[in-house]
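Presented below is the structure to which this report refers.
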Amino acid sequence: MIYQNPIISGFYPDPSVCEAEGKYYLVCSSFQYFPGVPIFESEDLVNWKQIGHALTRKSQVQLENVSSSGGVFAPTIRYHEGVFYMVTTNDTTHQNFYVYTDDIYGEWSEPVYIDQGGIDPSLLFDGGKVYFISNGTDDYGVGGITQCEIDIKTGKKLTPSKNIWQGSGGRYLESPHMYKINGSYYLMAAEGGTEYGHMITYARSDDPWGEFKGYEKNPVLTNRNLGGFEIQGVGHGDLIQAKSGEWFVIHLGFRQIGQYDTFHHLGREVFMTPIHFGADGNFTAGSNGTTGRSYEISGDFVRQEHKLFTFENTDISLDWVYLRHPDLDNYKLSAQGFELTAGEATLDEPKSPTFIGIRQRAFVGELSCEVTTEGGEAGITVYMDENHHYDIAVRQTDEGFEAILRLNIGDVKCVQNSVKLRGSTATLGIGMNNYAYTFTVTENGAALHLGGAQTRYVSTEVAGGFTGVLFGLYAQRGGKGRFKKFEIKYQ
Ligand code: 6LW
């Protein structure tokens with residue numbers, strides 16, 4: 001069948017993938033969002049269904065004071081002798097750790113810390129040994145891809161950490177993964193930074209400690225020279241072999257808006273590009289080393305498209321996430337509706353406001369939700385980070401109730417428009433297209449356009465960071481909000 005990229009849309013960056021008992025499992029970064037590290041399952045590499053999160057308990061990860069785009073960085077998932085391992089970095093505490101489970105649908109272990117620094121940790125199980133690889137400085141002060149051998153039961157280092165490769169010369173060498181394929185060790189990495197210059201490179205050796213020799217035609221995959229093409233920033237990937245024997249790299253990328261002076265606001269998404277091994281053991285990727293919109297994969301199946309997201313058809317513990325560590329007493333969540341009580345924090349702080357968000361998955365669509373507030377303010381935010389979000393809300397004033405549209409773009413924070421309401425309930429609407437959000441309020445069947453705001457100002461190019469836009473239901477400033485009939489319909 002022909003599949004379309006991205007294979008998982010919306011803010012799901014830094015994918016890592018493994019195979020276990022005939023199924024595939026994929027994990028992504030989660031930064032300041034909780035629970036951390038979403039896990040997806042697939043039988044065909046094209047249809048992915050989220051089945052859980054690896055970090056579901058405070059004891060596994062501290063997110064209390066993490067800044068936006070801090071916290072949980074790029075994870076790696078591996079399966080070995082009946083056990084799944086997920087290894088990641090808490091970039092705020094500078095700790096590398098793994099958790100493990102023998103039940104992918106259940107809870108994961110407490111963290112096991114590893115005394116090797118850097119980011120983007122990975123594991124290779126090979127001949128009874130376990131190699132721990134990250135991008136950082138080794139025990140001798142050398143920076144690059146660093147490796148040690150660990151005892152997988154305790155996380156203890158069995159060897160010093162030693163530099164094994166310094167990449168092909170691109171900036172921001174990161175995301176190392178090592179594979180043993182037909183007796184040869186392949187060390188794959190990303191370079192160029194996770195933006196328009198991103199790329200995948202690799203090196204080979206007969207020994208896991210090197211010497212690693214870079215592939216002559218590095219980068220093996222990059223879209224950095226495809227100026228006006230929608231898919232940009234491809235890199236940070238993991239290799240996987242399909243049941244048919246075909247190889248793919250599953251990697252991140254983003255979809256830019258515009259042709260010049262471009263931007264992206266959905267975050268980095270998951271793409272899949274075919275890999276072909278030549279007779280000399282080297283591999284090439286995609287269309288002349290670039291990632292295109294669609295490719296063929298063997299198999300006779302269809303892609304399930306999800307275009308409708310409601311309280312009833314989403315799962316509170318899978319599709320919805322909180323900021324840092326929520327005070328769960330402030331949330332009453334069910335398929336019939338969400339009831340949110342404001343805490344101390346507001347959306348404008350890098351804390352844990354009463355917020356529960358779902359990722360924006362496509363460019364064009366419509367969101368609507370009936371919101372009631374008792375005091376204070378309750379609404380929906382188009383949320384990139386605490387300094388870049390657009391809020392539409394119902395709030396109580398001395399005179400009664402009003403609906404407001406507030407824009408927060410860096411230092412510019414203002415209520416753009418407000419309209420008086422007769423009561424405390426209104427249906428809030430957000431329209432989306434590539435370039436703008438539009439905001440409407442409907443009370444007793446009468447719809448009113450509150451205003452619009454550009455997608456550009458909640459994009460990565462403006463806000464910075466590693467995340468993408470979420471739609472967050474929230475209550476703040478003493479509000480108690482009830483949310484009913486939530487619906488996002490994508491085109
Ligand atoms: C991640 C690094 C990267 O750790 O971005 O795309 C960082 N690459 O590998 C954060 O996602």
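Restricting D206, D151, D126, D139 to those that are touching a Lys or Arg at 6+ places or on another chain (Cβ under 6 Å) and among the acidic types (D, E) reduces the list to D126. Counting only residues that are assigned to a loop (DSSP other than H, G, I, E, B), within 21 Å of N288 (Cβ to Cβ) and among the aromatic types (F, W, Y), the stretch 198-231 holds 2 of them.
Of the residues making up the stretch 277-289, those that are open to solvent by 20 Å² or more (accessible area, probe 1.4 Å), farther than 12 Å from S184 by Cα and touching a residue at least 12 places away in the same chain (Cβ under 8 Å) number 3.
Among the strands (runs of 3 or more DSSP E) confined to the stretch 8-118, the ones with at least 1 residues that are over 22 Å from R268 (Cβ atoms), open to solvent by 10 Å² or more (accessible area, probe 1.4 Å) and more than 13 Å from the ligand (Cβ to nearest atom) are located at 16-20, 23-27, 76-80, 83-90, 95-101, 112-114. Selection within the stretch 168-201: residues that are among the hydroxyl-bearing types (S, T, Y) and crowded, with 24+ Cβ neighbours inside 10 Å. The member of this set that is farthest from the ligand (Cβ to nearest atom) is T201.
The selection criterion, being without any contact (Cβ under 8 Å) to a residue 24 or more places away in the chain, surrounded by fewer than 18 Cβ atoms within 10 Å (Cβ to Cβ), among the hydroxyl-bearing types (S, T, Y) and more than 16 Å from the ligand (Cβ to nearest atom), does not hold for S298. In the stretch 153-167, the residue that is nearest to the chain's Cα centre (by Cα) out of those that are away from the ligand (no atom under 16 Å from the Cβ) and crowded, with 19+ Cβ neighbours inside 10 Å is G155. Checked against (1) at pLDDT below 95; (2) surrounded by 15 or more Cβ atoms within 10 Å (Cβ to Cβ), G445 passes all but condition (2).
Selection of the stretch 360-396 for residues being open to solvent by less than 10 Å² (accessible area, probe 1.4 Å) and over 16 Å from T440 (Cβ atoms) yields Q360, T373, E377, A378, Y383, M384, H389.
Scanning the stretch 221-231 for residues that are within 16 Å of the ligand (Cβ to nearest atom) and surrounded by fewer than 23 Cβ atoms within 10 Å (Cβ to Cβ), we see that the one that is farthest from E41 (Cα to Cα) is R224.
Rundown of residues vs (1) in contact (Cβ under 8 Å) with a residue 60 or more places away in the chain; (2) within 23 Å of Q304 (Cβ to Cβ), yes/no style:
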residue: N5; (1), (2): yes, yes
residue: P15; (1), (2): yes, yes
residue: C18; (1), (2): yes, yes
residue: E21; (1), (2): no, yes
residue: L55; (1), (2): no, no
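Within the stretch 147-174, being farther than 20 Å from Y100 by Cα and assigned to a strand (DSSP E or B) holds for Q147, K162, N163, I164, W165, E174.
Applying the set (1) exposed (fewer than 14 other Cβ atoms within 10 Å of the Cβ); (2) touching a strand residue (DSSP E or B) at 6+ places or on another chain (Cβ under 9 Å) to Y215 leaves exactly one unmet item: (1). If you check P274 against the conditions, is it away from the ligand (no atom under 16 Å from the Cβ), assigned to a strand (DSSP E or B) and buried (at least 17 other Cβ atoms within 10 Å of the Cβ)? Against the criterion (away from the ligand (no atom under 16 Å from the Cβ), assigned to a strand (DSSP E or B) and buried (at least 17 other Cβ atoms within 10 Å of the Cβ)), P274 qualifies.
The values are calculated or read from the model by the stated rules, or taken from the named source; none is laboratory data. Predicted, not measured: the structure shown is a model, and the values here were computed from it. With ideal geometry, Cβ positions are generated from the backbone for all residues, glycine too; neighbour counts draw on all protein chains shown. Note: areas computed on protein heavy atoms with side chains; ligands, DNA, RNA excluded. Shrake-Rupley method; radii C 1.70, N 1.55, O 1.52, S 1.80 Å.
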